[in-house]
Amino acid sequence: MTIRYLLFVTMRNVQSSIAVLLAASICLGVALFSAACYLERDSLASVYFPTWAKQTKALIAFSKKPNEKDLKEVIAKIHGTRWVKSYHLVEGKDVMELLKKKLAALDKTLEDMDPAFFPDIMELSLTDHCLALPGRCESFLRDLEKIRHVASVYSPLPWIKTAYDKLQVLRRLLLFVALLLSFVSLLMAGVGVQLSLGKYRKEAYLWNLLGASPWFMRFPCYGQVCLTFVVGVATAVSFPYWFSEIVCFSFPTLLLRGFLIASGVFLFALVAVAEANFRKARKMVSGDDGSWEE
Amino acid sequence: MAFITCQHMYKKYPGTDWIFYNAGLSIEQGQFLFVLGNSGSGKTTFIKILCGQEGYDRGRIFVKNRNFRNIRRKHLHLWRRTLGVVFQDFRLLEDRTVKENIALPLVITGFGKKEVIDRVNAVLKLVDLQHRADVPCKLLSGGEQQRVAIGRAIVHGPELILADEPTGSLDDDHTRRILQLFTTLHRRGLTVVIATHDRRLPLAVKGCRTVMIRDKNFVDVVPVKRTNK
């Protein structure tokens, strides 16, 4: 009967603040989404760039047809690095054929030219690391230019680098949003519990006078904290997942980090408020500060 | 053996004069005691001190020869369980029914469902509120609320009943009935302490002891019926 009564009081408390607590959870969910965007530093590009933009390629143009030794040197340089996903050699005659087709489409012809005039091209498919760390990838590509018979290396990296710098500003903004919303949700969770415990405090005051043990008085506070915690964290963590699914972003470490952050924020707010209310109720009895008449 | 002994008790609130100054009082087990005093004389403060709601500045209070100060705060609830307190303003949970209010001390102390039902029914019969058992307390009259408060105070079988102005808001008929109820409980062996300003009350209870708070101390008095000449 005692447990049933305590559960009744706990559920009543939860019920009276459910709207505020759900709002706090969603607020924390948005904060987590922002935090996830900020924290995904290593795979920044995979987070911010849509899939079509990740097909980054670099072209190595040779000054003359490379022999097997030259090719081996280039391949040795790119092999095993984290920057290059795959490579593909395009011979000069293929380049010429391609150019002819393009010109034919424009009703123009390419006069008889020596295919040797067209350099061989090696097409490199770059990995996501190049998007995340464009500066270091660019210096890698510059190193390729030093290899014999490599005329030049073309890549969109300068453009990516500019975008990357702008993304850093966006990341800082996201961090600010994450911190602000975490604080707001912390306040909301606290206020939600505080509101619901108004009735509890009056009742707990009477329990104390009638001889309730400290654990009996604490039970509804902490019962509410547990229930709110489970619902709040589940809502807060599932929100960014659901949202990231919609916008096709990927957060490899969101589940763990999000859970930890949400747990921390909610637990801190709820335990602090519940304990404060329990102490307040106990203090009311010892001082009898007239709160019964409030 | 004295149930409660106050020796050289001093009490004052910050910024006020002494409420009790070197006060002493001994309450025997099974005694029916009236504590009389004018408004502001310290009747409620005395009840609060005995409940552990208020502390006292100096002196000693013994409960069954145990120093009250030695009861730790975390064990204070065990002392409160031996008390039945009737508050001046009843302090009922107004949105709960009569039955739920009376059952509260039993639920708090962990009584089983069957025992709770049996005891609550017995008390409802004693305070004559069977017909109002399922009515929320806010719908009751002052006299009925008073009886609910008394029912809540006795349901768990306390050793000592402390009542603060239990007849303050009642008419003569209800006052007589409430006193009858306290007398019945006293006959069952309970120690009853009633704080009141109404000097006629002790006259209605045979064999009771009356003390008055005078000059910040307890003074034994013999109540005398006033006659209008």
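Remarks
- Partner chain coverage, peptide B:104-114 - average Cβ within 10 angstrom: 5
- With one equal scatterer per alpha carbon and no solvent term, the Debye-computed log10 I(q)/I(0) for the range B:116-229 at 0.10, 0.21, 0.23 1/Å reads -0.34, -1.25, -1.43.
- With θ taken as phi - 60° and the Karplus curve 6.51 cos²θ - 1.76 cosθ + 1.60 applied, the whole-hertz 3J(HN,Hα) list for the range A:200-205 is 4, 4, 5, 5, 5, 4 Hz, x standing for glycine and proline.
- The mean number of partner chain beta-carbon atoms within 10 angstrom of a residue's beta-carbon across peptide A:208-219 is 6.
- Three-way shape label, chain B, alpha-carbon gyration tensor, a/c 1.5: oblate
- Whole-number percent relative contact order across the range A:57-155, with pairs defined as alpha carbons under 8 Å at least 6 apart: 51 percent
- Built amide H within the under 5 Å cut-off of B:Gln29, gap 5+: B:Phe3
- Residues of type lysines that A:Lys72 reaches as a straight line, Cα spacing below 19 Å, ignoring anything fewer than 8 places off in the same chain: A:Lys64, A:Lys85, A:Lys146
- Convex hull of the protein assembly as shown built on C-alpha atoms - directionally averaged projected area, nm²: 39.8 nm²
- The convex hull defined by the C-alpha atoms of the range A:57-155 has an orientation-averaged projected area of 6.8 nm².
- Within the range B:1-68, trypsin sites (Lys or Arg not before Pro) in DSSP loop having at most 15 other beta-carbon neighbours inside 10 Å: B:Lys64
- 0 to 90° range, to nearest 10: angle between helix B:113-126 axis and chain B longest Cα axis: 70 degrees
- By DSSP, the beta bridges lying fully in the protein assembly as shown are antiparallel in about 65 percent of cases.
- Across peptide A:194-207, the average count of Cβ atoms from other chains found within 10 Å of a residue's Cβ is 2.
Just so you know, all these numbers are worked out from the coordinates, no wet-lab data involved. Because the structure is a prediction, the values reported are computed rather than measured. Neighbour counts are summed over all protein chains in view; Cβ atoms, including those assigned to glycine, are modelled from backbone coordinates with ideal geometry.
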